[in-house]
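Have a look at the structure below before the remarks.
The values are calculated or read from the model by the stated rules, or taken from the named source; none is laboratory data. Source: prediction; values computed, not measured. Cβ placement follows ideal geometry from the backbone for every residue including glycine, while neighbour counts extend to all protein chains displayed. For accessibility, only protein heavy atoms count, side chains too; no ligands or nucleic acids. Shrake-Rupley method; radii C 1.70, N 1.55, O 1.52, S 1.80 Å.
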Amino acid sequence: GDGLELMRAALASWIHQHPGLTIEDKGLAIAIHFRSRPEEAEAVDAFAEAVLARAPDLRVQRGKMVIEVRAKGPGKGDAVAAMMALPAFA
């Protein structure tokens with residue numbers, strides 16, 4: 001969506017001020033890994049929130065040493081949860 005394009009554009013300039021972070025562009029999601037720079041956690045979080053404030057079609061998912069910004073809508077986890085609720089998998 002448009003939000004992810006905004007995120008990519010913002011990230012292009014922002015990442016240069018934060019060396020050592022790893023960007024993983026998954027198409028429908030963009031992950032910022034900060035395992036090698038744990039002190040950047042707050043900066044990454046603030047960046048993600050700033051993008052979200054301008055792109056209501058996105059949502060943030062926080063993981064271990066990673067923040068993922070993705071398009072709103074069902075993700076893989078939601079699909080698995082829905083499948084596991086079906087009688088055949090229960």
_Sole residue being farther than 20 Å from residue 71 by Cα, assigned to a helix (DSSP H, G or I) and of a type in the set (A, V, I, L, M), chosen from 48, 43_ = 43
*So residue 34 clears everything in (1) of a type in the set (Phe, Trp, Tyr); (2) modelled with pLDDT under 90; (3) open to solvent by less than 60 Å² (accessible area, probe 1.4 Å) except one condition, right? Which one?*
(2)
*Sort out which residues of the range 12-26 are among the hydroxyl-bearing types (Ser, Thr, Tyr), exposed (fewer than 12 other Cβ atoms within 10 Å of the Cβ) and in a strand (DSSP E or B), and write them in order of number.*
none
